[in-house]
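Trainee: Structure provided below as structure tokens; questions to follow.
The values are calculated or read from the model by the stated rules, or taken from the named source; none is laboratory data. Given the structure is predicted, the values throughout are model-derived calculations rather than measurements. Glycine gets a Cβ as well: all are built from the backbone with ideal geometry, and neighbour counts include every protein chain shown. Accessible surface is based on the protein model in full, side chains and every heavy atom, while ligands, DNA and RNA are left aside. Shrake-Rupley method; radii C 1.70, N 1.55, O 1.52, S 1.80 Å.
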Amino acid sequence: IRQVLEEEPVAPSRLNPKAPRDLETICLKCLHKDPERRYPSAAALSQDLRRFLRGEGIEARPVGPAERLYRWARRRPAHATLVGASVCAIVAAVAVAFWVQKVQSDRAAEATLRQGRARQAIETAVSLAGDLRANERWVEARHVLDDARSYLDEAQSHDLAEMLQRADQHLTAAWELDDIRRQYPESNESGFDYRPAATAYQQVFDRLGFGADVPLQAAARAVDSSPIRKELLNALDNAAFVARAFNHRAGMDRPLAVSYTHL
């Protein structure tokens with residue numbers, strides 16, 4: 001009587017380790033000290049035992065979703081296999097979709113990074129080439145601009161392509177004007193001939209947009225707004241000197257007028 005009143009019943013699994021958990025739960029429910037927590041009738045007990053035998057969830061212990069799914073799979077293995085395969089296929093498809101999206105995102109981020117670096121490299125090259133040009137380091141400036149062209153495909157910037165092209169044109173013009181200055185006068189049997197230098201200067205001035213046919217004010221503005229303004233003013237001064245050397249008055253006055261208009 002004391003055991004019934006005071007001690008909990010021994011779990012069947014302790015007496016027989018092979019006892020199923022649900023059967024143990026049914027037994028312990030039958031032996032519960034509180035009558036309200038036992039089966040209300042022999043019929044209820046019988047129904048729970050039948051559920052246990054069929055592999056269904058018992059009333060004595062509510063079955064969670066995972067266990068309910070496991071029990072259903074045991075009762076219907078073919079259906080469970082089909083559903084499992086479908087679920088695996090869906091999971092695999094979702095995983096592949098996420099992987100593809102991540103790869104595309106990583107590639108886009110990498111492309112954006114490369115594009116930013118390429119654009120920065122071009123801007124830096126143009127600035128460096130300008131400094132080298134101002135110091136008459138023509139060959140080095142040319143190499144810098146040539147290297148910068150290799151970044152155009154990744155940069156994908158029409159503005160930077162135009163900026164690089166303008167920098168190349170300015171370098172070419174400044175270098176050409178310096179060559180003209182260094183190469184005159186040409187010697188011949190009668191002395192020195194300055195005319196080839198005057199012709200070369202005029203050709204470059206025409207190409208740069210401030211030749212003899214351009215109004216004085218427009219020519220002055222073109223020179224003043226040019227990134228190679230310093231080189232152009234030196235060339236205009238040299239062109240006036242060349243014209244003066246063979247008494248070409250108009251050829252001397254025009255370059256000086258453009259230069260003084262700037263002042």
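Trainee: By how many degrees, 0 to 90 and rounded to 10, does the Cα axis of helix 229-245 deviate from the longest principal axis of the chain?
Mentor: Once rounded, one gets 20 degrees.
Trainee: Right, another one. Could you sort 201, 260, 151, 194 by accessible area so the largest value comes first, with the probe set to 1.4 Å? Each step should come with its number before you reach the end.
Mentor: Values: 201 0, 260 145, 151 95, 194 45 Å².
So the residues, ranked largest to smallest area, are 260, 151, 194, 201.
Trainee: For a quick check of understanding: with a 1.4 angstrom probe and all protein chains in place, what accessible area in square angstrom does residue 193 have, to the nearest ten?
Mentor: That residue has around 40 Å² of solvent-accessible surface.
Trainee: For the Cα atoms of the chain, what angle does the longest principal axis make with the long axis of helix 21-30, in degrees from 0 to 90, nearest 10?
Mentor: The angle comes out at about 50 degrees.
Trainee: Quick one: Debye curve from the C-alpha atoms of the range 82-143, no solvent, what's log10 I(q)/I(0) at q = 0.13, 0.21, 0.26, 0.29 Å⁻¹?
Mentor: -0.59, -0.83, -0.96, -1.03
Trainee: Moving to a separate point now. Could you pull the accessible area for residue 88 with a 1.4 Å probe, rounded to 10 Å²?
Mentor: 90
Trainee: Moving on to the next point. Return the calculated 222 nm mean residue ellipticity for the chain, to the nearest 500 deg cm²/dmol, obtained by summing -39500 (n - 2.57) across DSSP H runs with n ≥ 4 and dividing by the residue count.
Mentor: -24500 deg cm²/dmol
Trainee: Carbon and sulfur atoms: what percent of the 1.4 Å accessible area of the chain do they account for? The partial results should precede the final answer.
Mentor: Numbers: 9810 of 17960 Å².
After summing per-atom areas, the C and S share lands at 55 percent.
Trainee: Obtain the radius of gyration and the Kirkwood radius of the range 112-199 from its C-alpha atoms and give Rg over Rh. Mind showing how you got there, number by number?
Mentor: Working: Rg = 17.7 Å, Rh = 14.6 Å.
In the range 112-199, Rg relative to Rh is 1.21.
Trainee: With all pairs of different alpha carbon atoms counted, what Kirkwood hydrodynamic radius in Å does the range 1-146 show? Each step should come with its number before you reach the end.
Mentor: Values: mean 1/r = 0.0436 Å⁻¹.
About 22.9 Å, per the Kirkwood formula over Cα pairs.
Trainee: Between residue 234 and residue 257, what is 0.36 nm times their sequence separation minus the Cα-Cα distance? Round to one decimal in nm. Before the final figure, lay out the partial values.
Mentor: On the way: separation 23, 0.36 × 23 = 8.28 nm, distance 1.34 nm.
Extending this stretch completely gives an extra 6.9 nm.
Trainee: What whole-number value in Å² describes the accessible area per residue of the chain for a 1.4 Å probe? Walk me through the intermediate numbers first.
Mentor: Values: 17960 Å² over 263 residues.
Value returned for the chain: 68 Å² of accessible area per residue.
Trainee: Now for a different question. For a quick check, take a GNM of the chain with Cα springs below 10 Å and name the residue from 119, 207, 166 with the largest mean-square fluctuation.
Mentor: Residue with maximal mean-square fluctuation among 119, 207, 166: 207.
Trainee: For 241, 192, give the ranking by accessible area with the largest first, probe 1.4 Å. It would help to have the intermediate numbers written out before the result.
Mentor: On the way: 241 100, 192 140 Å².
From most accessible down to least: 192, 241.
Trainee: To continue, here is another question. With a 10 Å cut-off between alpha carbons and a GNM built on the chain, which of 140, 154, 56 moves the most?
Mentor: 56
Trainee: Starting from the residue with the highest accessible area, list 252, 163 in decreasing order, probe 1.4 Å.
Mentor: On the way: 252 30, 163 55 Å².
Correct descending sequence by accessible area is 163, 252.
Trainee: Find out how many positive minus negative residues lie around residue 254, taking Lys and Arg as positive, Asp and Glu as negative, among other residues whose Cβ is under 15 Å from that of residue 254.
Mentor: Working: positive: 244, 249; negative: 206, 213, 237, 253.
Spelling it out: positives minus negatives among the neighbours equals -2.
Trainee: So if R0 is 30 Å, what FRET efficiency would residue 41 and residue 91 give, r being the distance between their Cβ atoms, rounded to the nearest 0.05?
Mentor: On the way: r = 46 Å, r/R0 = 1.52.
After rounding, the FRET efficiency stands at 0.05.
Trainee: Further, regarding this structure: Using the beta-carbon distance between residue 1 and residue 80 and R0 = 51 Å, what value does 1/(1 + (r/R0)^6) give for FRET efficiency, to the nearest 0.05? Please report the intermediate quantities before stating the final value.
Mentor: Values: r = 50 Å, r/R0 = 0.98.
Efficiency, rounded to the nearest 0.05: 0.55.
Trainee: Compactness ratio of the chain: Cα Rg over 2.2 N^0.38 Å, N = residue count? Display every interim value, and only then the final one.
Mentor: Working: Rg = 47.6 Å, N = 263, 2.2 N^0.38 = 18.3 Å.
Normalised by 2.2 N^0.38 Å, the Cα Rg of the chain equals 2.60.
Trainee: Could you check which residue among 42, 125, 220 shows the biggest mean-square fluctuation in a GNM of the chain with a 10 Å Cα cutoff?
Mentor: So, out of 42, 125, 220, the one fluctuating most is 42.
Trainee: Grab the alpha carbons of the range 141-263, take their convex hull, and tell me the volume per residue in Å³.
Mentor: Working: hull volume 13.5 nm³, N = 123.
In the range 141-263, the Cα hull volume divided by residue count equals 109 Å³.
Trainee: Would you mind getting me the FRET efficiency between residue 193 and residue 134? Use the beta-carbon distance for r and R0 = 30 Å, nearest 0.05. Provide the component values of the computation, followed by the final result.
Mentor: Working: r = 31 Å, r/R0 = 1.04.
Efficiency at R0 = 30 Å is approximately 0.45.
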